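First up is the structure itself, then whatever we jot down about it.
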Amino acid sequence: MIIMIRPSGEIALKSPRSRKNFEHTLINNIKSSVNVKRIWKTQGLIFIELNNNDTGYIEKISKIFGIASFSPIIIEKFNNIEDIVNQAKNIFSEIVKGKVFAVRAKRIGSHNFTSLDIQREVGAALYPYSKGVNLDNPEVEVFVEVRQNFVYFYHEIYKGPKGLPVGIAGKTIVLFSGGIDSPVASWMLMKRGAIPIFLNFNLGGDIHKKIVIEELNVLKEWSGGHKLRAFIVKGIDVLLKLSQIAKGDRVVMLKRVMYKTAERLAKKTGANSITTGESLSQVSSQTMVNLFVTEYGINYPIFRPLIGFDKEEIMDLAKKIGTYQYSIKLPEYCAISTKAKTSTKLEEILSEEEKISIDYDKLLENAETFEI
Ligand SMILES: Nc1ncnc2c1ncn2[C@@H]1O[C@H](COP(=O)(O)OP(=O)(O)OP(=O)(O)O)[C@@H](O)[C@H]1O
């Protein structure tokens, strides 16, 4: 089985050096995601020959970032247009049976026929098997692409997720709660080529951990075969410390602890950013002023890809990604009691922070780590 893969349009627009690098990463990701016997690249397209025992390849390829679309194809050599017509008849006569169809032809190279000739002649050859031709609204589209002395036949085009290949953008630390939003934020960074390293503060024991792992397994399917690393910190130890400070400040303080731990982890792992699932004004800890106080003094860029999304949009994406069904099982953690103030004061938070003296390195040393 041969698949023709069309990389995201964005890749073709890069400078030759970046393009080569992006295509190289994409090829490696494809090799790590499906069982490939042979892979080659020509004229901006990637071709793979799959080992026959790879089942579910359509679902797998449709989750590799950097791919715009793909088609299972049959490649043949030809001497003249009659060869092409005969081959098309063999391949497609069953497929157009009882259906209204259209032939779409493309041609690259020099030949003594045009793509219109191919459309006309292949159309005429298939017509007797079909229910008729309709170029505007066909039930089946038959594609014939002539490239120099080869011809490609296909009738299916599957969508890829577009974006850029995972790995081209370096690593980001994702503050990963297990709720609906942070898995979506992780997916969006992966879509732009980042490798996520997950940092979770466990606030709900084994149930919390189980949900986090289930979600990571779903995200793994989108990772282009990259290993995903996760760190699970004992969040309960932090909650105990927070009981010393004013109730209304606790949520923002907890977030500061998470950001600061993420900063340490970024240094340790060579990541260049921190990613969160925050969306402006979604809850009281995500007001603009609270985001300002939360990230004050953090020296890494903080990516919040969901900042302008409303909850419904985020939920729709979570369903598409596949994490929603696990996220909704996460219980609300009310252990840090009362809601955050909508407007915490930076000076107050900084002086309270001194009181609680947290050893961030120790939090990481004691974290449970695993790789998926
Ligand atoms: N226990 C946690 N461990 C790691 N990061 C967390 C944790 N809780 C929250 N975060 C980070 O802070 C962001 C905002 O969390 P918050 O609980 O305020 O909002 P949320 O809308 O419920 O987010 P989510 O749906 O991701 O849980 C999360 O998206 C995540 O990036």
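The values are calculated or read from the model by the stated rules, or taken from the named source; none is laboratory data. Just so we're clear, the structure is a prediction, and the values are computed from it rather than from any experiment. Cβ coordinates were reconstructed from backbone atoms using ideal geometry, including for glycine residues, and neighbour counts include every protein chain displayed. Areas reflect the complete protein model, heavy atoms only, side chains present, ligands, DNA and RNA absent. Shrake-Rupley method; radii C 1.70, N 1.55, O 1.52, S 1.80 Å.
Partner lysines whose Cα lies under 24 Å from the Cα of residue 362, excluding those fewer than 8 positions away in the same chain, are identified as 171, 209, 210, 234, 241, 255, 260, 267, 268. For the chain, the fraction of alpha-carbon pairs lying more than 28 Å apart is 54 percent, rounded to a whole number. Sparse packing (at most 12 other Cβ atoms within 10 Å of the Cβ) combined with a DSSP loop state is found for the following trypsin sites (Lys or Arg not before Pro) in the range 196-247: 227. Scalar couplings 3J(HN,Hα) for the range 136-143, obtained by applying the Karplus form with A = 6.51, B = -1.76, C = 1.60 to θ = phi - 60°, are 8, 9, x, 7, 10, 10, 10, 10 Hz; x denotes Gly and Pro. Accessible surface area normalised per residue over the chain is 48 Å², counting heavy atoms of protein chains with a 1.4 Å rolling probe. Direction-averaged projected area, Cα convex hull, the range 2-161: 10.1 nm², rounded to one decimal. Counting only protein heavy atoms and a probe of 1.4 Å, the accessible surface of the range 1-128 is 48% carbon and sulfur. In straight-distance terms, cross-link reach from residue 31 covers every one of the lysines whose alpha-carbon lies under 19 Å from its own, apart from those fewer than eight places away in the same chain; here that gives 20, 41, 60, 63, 159, 162, 191, 220, 227.
Between residue 20 and residue 366, the distance separating the two model label sites (each 7 Å from Cα on the Cα→Cβ line) works out to 5.0 nm. The modelled label-to-label distance between residue 83 and residue 234, using points 7 Å beyond Cα along the C-beta direction, is 7.2 nm.
Each Lys and Arg adds +1 at its Cβ and each Asp and Glu adds -1 at its Cβ; summed about the Cα centre, the chain shows a dipole of about 600 debye. Taking 1.567 mPa s as the viscosity and 4 °C as the temperature, the Stokes-Einstein diffusion coefficient of the range 112-199 based on its alpha-carbon Kirkwood radius rounds to 75 µm²/s. Treating r as the C-beta distance of residue 244 and residue 62 and R0 as 56 Å, the FRET efficiency rounds to 0.65.
Counting only DSSP beta bridges whose two residues both lie in the range 171-371, roughly 20 percent are antiparallel.
Here the label points at residue 269 and residue 220, each 7 Å from Cα along the C-beta direction, are separated by 1.6 nm in the simple model. Taking amide H as placed 1.01 Å from N in the peptide plane, residue 275 has its amide H under 5 Å from the amide H of 173, 174, 175, 303, each at least 5 places away in sequence or on another chain.
Taking a ≥ b ≥ c as the square roots of the Cα gyration tensor eigenvalues, with a/c under 1.5 meaning rounded and otherwise prolate when a/b beats b/c, else oblate, which class fits the range 230-335? Note, shape of the range 230-335 comes out rounded.
Report the paramagnetic label zone for residue 129: residues of the range 67-98 whose backbone N is under 19 Å from a point 7 Å from Cα along the Cα-to-Cβ axis. Residues 72-78, 81-98 qualify, since their backbone N sits under 19 Å from the label point.
The share of accessible area on the range 171-371 that comes from carbon and sulfur is 54 percent, using a 1.4 angstrom probe.
Between residue 41 and residue 192, the FRET efficiency from the beta-carbon distance, with R0 = 25 Å, is close to 0.65.
Could you give log10 I(q)/I(0) at q = 0.08, 0.17 Å⁻¹ for the range 171-371, computed by the Debye formula over C-alpha point scatterers of equal weight, without solvent? Computed log10 I(q)/I(0) values: -0.24, -1.19. With a Förster radius of 56 Å applied to the beta-carbon distance between residue 346 and residue 162, the computed FRET efficiency rounds to 0.90. In whole percents, the pair-distance distribution calculated for the range 70-166 from its alpha-carbon pairs, binned every 10 Å from zero, is 16, 48, 26, 8, 1.
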